[in-house]
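Just so you know, all these numbers are worked out from the coordinates, no wet-lab data involved. Here the structure is a predicted model, which means the values were calculated and not measured. Here Cβ is always computed from backbone atoms with ideal geometry, including for glycine, and neighbour counts include all displayed protein chains.
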Amino acid sequence: MNKSFWKELVEKWPIAALAPMDWFTDSAYRQIVKWVNSNVICFSEFFSADGLVHSKFLADSVLPHAKIEEPLIIQIFGKDPEMFAKAALVIEKYNITGIDINMWCPAKKVVKSWHGSGLMINVDTAYRIVEALTKATKLPISVKTRLGWENPENLIDFAKWLEAAGANLITVHWRTYKQAYSWTANWEPIYELKKQLKIPVIGNWDVRNYDDWMKKIGNLDWFMIGRASFGNPWCFLPGNYTPNLWEILDTLQKHWKLLIELKWRKWSLESRKHMVQYLHSFPGVKNYRKKLVLVENMTDVENVINEIRQDFKDFLDKKVEEIIL
Ligand SMILES: Cc1cc2nc3c(=O)[nH]c(=O)nc-3n(C[C@H](O)[C@H](O)[C@H](O)COP(=O)(O)O)c2cc1C
């Protein structure tokens, strides 16, 4: 892969990206999203640069992936430029397409030690991290950050600074570190940023689906969706696509199977959060949920899903909101 990866992709506008989400965008999740829309570019959960350098176990657990997930972007965090450079050499060995730097994370302990969002006010380190990665690897380097620390006034300077250090793409989540959740959407600073940079810009936050994004995209290059994809990988399809019951159950079953294959003993715990999302607004969901949290293997899962199929056999080609019992 080379540094022009992002620029070349932009020509296929508009491109959708799956947001990096800790405890969610693992290999199973990414495979499901790609299975629904093979054009989506997937970002991984975030991993510590130091962790990848020091733990072969971590690298061997999180970097191997299925071919369908490619091109795959791995997100890393940390604060030591040298560690980022070393982590890049580890990542390169696993057929990864690009490296994304987390300058987004607002968690107190992360920010306190100047990782994540903390890099927005520790701009020298931010620069040195991008520069070190750019020199260490041929992989394209991207940064995910926020509108700013307190307000958006430094966004353009900060992003230009990252661009000068060698960043090939920037994703901006349109809330600042200090903003409360009540803030209303203001895409203007990101549209303005796009005018000022040569590299592609992705906007992120509160996009419900492809069609919603097309209303907001303005002059931006891409859209990135996070939470709206929970139990709804169809959000990346145009036309306000809504799956029918058969598609939901089939996808849930596929997702479950992947979790069992990939997560060994942890799969059962991991699968609950996804299952709840897929069955959201299903009639009689409580009854099925009770059974699904007790499953111990794939046969148990298939039994419950087949029971749901049987209960709804007259509605399998209908959308959830069309079910009348
Ligand atoms: C459960 C969860 C975990 C997240 N983990 C990360 C992460 O590891 N790295 C990151 O840059 N952003 C992370 N985010 C933020 C998302 O990438 C995204 O910026 C945010 O959810 C806003 O987009 P949305 O409104 O489409 O969900 C996380 C968000 C959620 C909900």
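This ranking places Leu259, Leu249 by how few other beta-carbon atoms lie within 10 Å of each, fewest first, which gives Leu249, Leu259. Net charge of the neighbourhood of Phe46, taken over other residues with C-beta under 11 Å away and scored Lys/Arg +1, Asp/Glu -1, is -2.
In a DSSP loop and with at most 14 other Cβ atoms within 10 Å, the trypsin sites (Lys or Arg not before Pro) in the stretch 108-192 are Lys138, Lys178.
Ranked for footprinting exposure by Cβ neighbours inside 10 Å, fewest first, His115, His280, His274 give His280, His274, His115.
The fewest-to-most ranking of Tyr191, Tyr278 by surrounding Cβ atoms within 10 Å reads Tyr191, Tyr278. In this structure the amide hydrogen of Ile41, modeled in the peptide plane, comes within under 5 Å of the amide hydrogens of Ala16, Ala17, Leu18, none closer than 5 places in sequence on its chain. For the stretch 1-58, the set of trypsin sites (Lys or Arg not before Pro) satisfying both a DSSP loop assignment and a count of at most 12 other C-beta atoms within 10 Å is given as Lys12.
Summing charges over neighbours of Ile141, with a neighbour being any other residue whose Cβ is under 14 Å away from its Cβ, gives +2 when K and R count +1 and D and E count -1.
Among the trypsin sites (Lys or Arg not before Pro) in the stretch 233-325, those located in a DSSP loop and surrounded by at most 14 other Cβ atoms within 10 Å of their own Cβ are Lys313, Lys318, Lys319.
Just to confirm the number: angle between the C-alpha axis of helix 81-92 and the first principal axis of the chain, 0 to 90 degrees, nearest 10? So the inclination is approximately 50 degrees. If you wrap the tightest convex hull around every Cα atom of the stretch 1-159 and split its volume per residue, you get 118 Å³. Taking θ as phi - 60° and the Karplus parameters 6.51, -1.76 and 1.60, the scalar couplings of the stretch 101-112 work out to 9, 7, 10, 10, 4, x, 4, 3, 5, 6, 5, 4 Hz in sequence order, x denoting glycine and proline. Here's how it looks for Ile202: its modeled amide H is under 5 Å from those of Ile170, Thr171, Val172, which are all 5 or more places away or on a different chain.
Normalising by residue count, the stretch 194-278 has a Cα convex hull of 113 Å³ per residue.
Its Cα gyration tensor gives the chain an equivalent ellipsoid. The semi-axes, each the square root of 5 times an eigenvalue, are 36, 23, 17 Å from largest down. FRET efficiency for the pair Ser55 and Leu294, taken as 1/(1 + (r/R0)^6) with r the Cβ-Cβ distance and R0 = 30 Å, rounds to 0.35. Sequence-distant contacts, meaning Cα pairs under 8 Å at least 6 residues apart, place the relative contact order of the stretch 245-322 at 45 percent. Relative contact order of the stretch 186-304, taken over Cα pairs closer than 8 Å and 6 or more residues apart, is 20 percent. Using Cα atoms only, what is the angle between the long axis of helix 245-263 and the major principal axis of the chain, expressed in degrees (0 to 90) to the nearest 10? Orientation of helix 245-263: about 60 degrees from the principal axis. Restricting the calculation to Cα atoms, the stretch 245-322 yields a radius of gyration followed by a Dmax of 12.0, 37 Å. Asn306 sits among other residues whose Cβ lies under 12 Å from its own Cβ, and their net charge, with Lys and Arg +1 and Asp and Glu -1, is -2. Here the relative contact order of the chain, from alpha carbon pairs under 8 Å that lie six or more residues apart, stands at 15 percent.
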